[in-house]
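Please treat every number below as a calculation from the coordinates, not as lab data. The structure presented is a predicted model; accordingly, all values stated were derived computationally and were not measured. As a convention, Cβ positions derive from the backbone with ideal geometry for all residues, glycine included, and neighbour counts pool all protein chains shown.
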Amino acid sequence: MAIASAAAESLTQGTPETTENDLQPFFVFHKASSRKSDKKPTGTGKTRRRIDLSPSSPNKTEKSEPDKAGERDEHCNEHLRTEAFELVWSKINSTIKEILRGINTNVFNEIHQWVLESFNAIQSFGTPGFIEATRSFPIVTDATSKLLFTGMVLTRNMEFVDDLLTFEDLGLFLRSNGCHVANLSSLDFSAKSGIGGCLRGLLRQFLKATFYEADISILASWYREQENHNTPVVVIIDDMERCCGSVLSDFILMLSEWVVKIPIILLMGVATTLNAPRNLLPSNVLQHLCPSKFILGSPAERMDAVVEAVLVKQCSGFSVGHKVAVFLKNYFLNQDGTLTSFIRALKIACAQHFSMEPLSFILGGLLVEEKQKGEKRGLQPEVELKYTSQLSSYARNQMAEQNGKSLVHGFSELRRLHKCWSTVVLCLYEAGKCNKIRLLDLLCEALNPDLYTSRASNNHVVLEKDVGVPMATDRSIRRKYSTLRKGGFIGQIVRKVRDLPALMLYQLLKSWEKTTVDVLEIHEKVKDLQSLLRFEDGKLKPNVDDISKKHSSRSPLNMEKESKEVNEKAAALIDCLVRDYLRPIECIPLHEIFCFKNVEKLQLALIGDPRRRIQVDLLEFHKILQCGCCSKSGNVLLPSMHDTSIMYTLAQEHGDLINLHDWFQSFKTVVLHPSSKGKHKSKQSPNPKKRKCTHDSENKGEASIQARFCRAVTELQITGLLRMPSRRRPDCVQRVAFGL
Amino acid sequence: MEINNGVEDELEEEEFGFSRNYFLAKELGGSGKKSTRKLSDIGLVDEQELRAAASNIEPKHEKEIVALMNSYKSLYPKWVFELRCGFGLLMYGFGSKKSLIEDFASTALTEYSVVVINGYLQTINVKQVVISLAEVLADQLRTKRANTSGNLSKQPFNSRSMDDLLAFLNGSQTQDKDCFICIVVHNIDGPGLRDPETQQYLSQIAACSCIRIIASIDHVNSALLWDKKMVHTQFNWCWYHVPTFAPYRVEGMFFPMILAHGSTAQTAKTAAIVLQSLTPNAQSVFRVLAEHQLSHPDEEGMPINDLYTICRERFLVSSQVTLNSHLTEFKDHELVKTRRHSDGQDCLYIPLTAEALVKLLAEISQ
């Protein structure tokens, strides 16, 4: 109720007096209550809020008569779901990190090797004696000893966000290999804080202390101390192009002076080309650099690897539905193009899933169970049952009676089916690699339940509406392969398999063999096919035992024909796999527990669109407020409407400049006169006839209207939809947004 | 493919539509008979009357707005869940979201400490905010394990550097993931927070492991304040569209009323707020000027040299440069203006009436 009274209070405006706190720049609103310490759900006030948590939550009747046990269940459930989210997300997150680290391993090793070599080179200039080294000024001997070894790490990615983690990992990797490492970013190289900023950053990271007067000699004496020397000192700057050029130059000049005392090796992330340093730094600085080049994996590569681990192999059991996958793909392609944003989108999807799906906590249980096999899941089967009956897919399939056993069976069945699905997707991906098909595209198609049902149901109907299969001769093939009937990536892949040269086919079968090793039924089929081909004298031959019986002569022509036959068989195999096993998760019972499908929720949480939304709020406010008075008006402006809304609607009729006088008059017309004339009036000046009220009340009304006008203008200014009058045009405000 | 094309078409159409609208609007402004009416033709009422009327505007749709606010209550558990998951909440939509967020904080976040930042104010010292955040956190940790405070209070927070403080907020003093402080930032796009440096600090604060952020924005272009690093890895926003249609009562206080005479006139109240955020020396400089204006009501203003001499005598400034920096600050907030004296030199005056000035002086001397 507090909010109601607060809102009412703020509405009445009778008390313009603001509270003390409103004018404090900041204040402590409240401190954590002591209830925090006991984790057990006891307070009813706390649980009450959590009741109507999910849209698909239990029966309405239960809600209307608040039952304490039910509430406690609810709260317990929420607690479990929070835990489950943490489990699942930390699993996904660590998997992603592992994958990315794996992709970078080679480059990291290369860099480490180079660091060691550079360090040896610096050492070979001669190490300073104790007295020399403890002096607080640099040693300068000759030009070569002033060289700063610099590794340019090409990120092949304009978006530096994706590489923040990479450089962090690189730091950890080098540290674990015995280097001193400091990670700096462009923020440390700002013109404002100057060279002191980056030095302080260095000192903070190496010495773990803050110095107000940063001086490199502190670093030098630190390096001389105890066991610090004899290890290279690596400084990583993750986004070199965004640094302030002059500060970076000073930094490099300074390091080069001191390089004999402190063997510093620089690593700089470069997003564009190797020319970048040349654009940023003057030549007298460049000559101190001794550069080497390293190249990181491309974003597309990383994307595929992440999708494979998280969404196809499903490290955590969490998965997404077809629409969500398509949305994620489009978001990646159109919105942002960074892996970071993709991962964030996935995290939001995951959080939304756990906050909405009451049964999702089972996922956490299963994950734990997987970790410590044999240990019992800590959930009450009755609770599970209560919720399970709500699951639509479960009801639809009417799998046996609802008891704990069938549920467990359901889970294992779901897992088995899904394992098959992911195996087939990976097989397809292997085959599609030579066609440069992206896994994300393939995933979207493989998750499409419509395609699955059309594949399954009308196996024999040839669909004429083909995309990408224009040749008439293809029709017979299409009839043969269900997958070809619809175009798309799977169709492309099957066709590709048919045309694969023998050697590549052989390799493909090898990789299939590896991929399918966990799924016996598929594995055997692949094995069978593999036995038809053998590798001999550097050439591929169909297995003689099988085929020679049919063909007595072994002319090259025949050979080709035979290998084509193997191609056909491979294509038939993958086609059959697609038909039998590529069952999207949304077509499997109980999938609601594991699969997030609510694409609208995800989109709203992920992409705020203030520019459009705030305008729509103003123009269609009655849809949100749902008041009786304004919704029927159609396009006509009513005096009962929200003032700012009236003003903004009126503003739509103006050009980029709005004359305040005109605007005020049309506002006044709308406010004073009921609808009948409404909008048409707005552009004309008010009719003098209508001002025949008594002078006194008119004046009062006038003041109030002017005040309302002022407030509406202020509110539009706060939303940024208006720019205030300039000196040149004191009577006009400027519109900022045009169209939604 | 089809989907792709569809989306592209849509995008293109959107972009095209946008530019078309812009040019249509331009054209409309140019071709149509340009209205040259003056604001003064309206017959403006007296400013005092206007302000009185402004504080008495009859609210519309009161009932519906309260119902709308109440309808957001069902989202509270979800918001708490997302805060726990490590997201920040960003509220947008038309209407003041101040009472909504504060209601959320007072009912659903009772287990966590909450610090509120009023971003709609003109000046906010982020360092001070971080210090008090650190104090709250230290407090919380201390009560948690009463005896093992050990290394916590080795140095008072207000003498530590920003990096140290951020490191403390990001620290792993506690394994408990549920131990965090919520910051509520009203108008994170507000005038006092809009500069890039402050936004950088805010994002760094938001990224700390012991901090969760709940913020509101009102400006349609607020998203331009942040780069991808801030959005994806630091703030980690979950957007919520929660229009309230509640009046921007406090938020609008600092905007001039467009129909008030000389629309930039400040009330004593807003001036006092600005002044209180300045250093004592700056306040004293302002006082010198104000007292001069009160004692010489007929003069056009105070020559800068006179002001400098007096301020030096009273050890308020040490050089012309420091005085100028104070004056720039005053001018930026329109506390002080310059005009040409009849004898030709520039002089300073405060654009307030004598009564307002007296009231203002009384207020800042408290």
Theoretical ellipticity at 222 nm over chain B - DSSP helices of four or more residues, -39500 (n - 2.57) apiece, nearest 500: -14500 deg cm²/dmol
Amide hydrogen neighbours beyond the local backbone of residue A:270, cut-off 5 Å, H modeled: A:153, A:154, A:155
Distance between modelled label sites at residue B:314 and residue A:409, nm, 7 Å Cα→Cβ extension: 9.1 nm
Pairwise FRET efficiency - residue A:580 versus residue B:161, Cβ, R0 = 56 Å, nearest 0.05: 0.30
Pairwise centroid distance, computed over Cα atoms, of the range B:64-143 with the range A:208-278, Å: 41 Å
Theoretical gain in end-to-end length, residue A:435 to residue A:653 [0.36 nm per residue, Cα-Cα removed]: 73.1 nm
Cα-only radius of gyration and Dmax that characterise chain B, units Å: 25.4, 79
In Hz, Karplus ³J(HN,Hα) per residue of the range A:607-612 (6.51, -1.76, 1.60; θ = phi - 60°; x = Gly, Pro): 10, x, 10, x, 4, 7
At R0 = 35 Å, FRET efficiency that the Cβ-Cβ distance of residue A:629 and residue B:74 yields, to 0.05: 0.85
Protection proxy ranking of A:620-631, B:129-140 - average other beta-carbon atoms within 10 Å, highest first: B:129-140, A:620-631
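What list do you get for A:212, B:248, B:120, A:223 if you sort them by fewest beta carbons within 10 Å?
Listing A:212, B:248, B:120, A:223 from fewest to most nearby Cβ atoms yields A:212, A:223, B:248, B:120.
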Residues whose placed amide H lies under 5 Å from that of residue B:211, excluding near-sequence neighbours: B:181
10 Å Cβ neighbours from other chains, averaged over peptide A:597-604: 1
Burial ordering of A:732, A:587, fewest other beta-carbon atoms within 10 Å first: A:587, A:732
Amide hydrogen neighbours beyond the local backbone of residue B:184, cut-off 5 Å, H modeled: B:115, B:116, B:117, B:214
Nearest-0.05 FRET efficiency for residue B:228 and residue A:283, computed from C-beta distance (R0 35 Å): 0.60
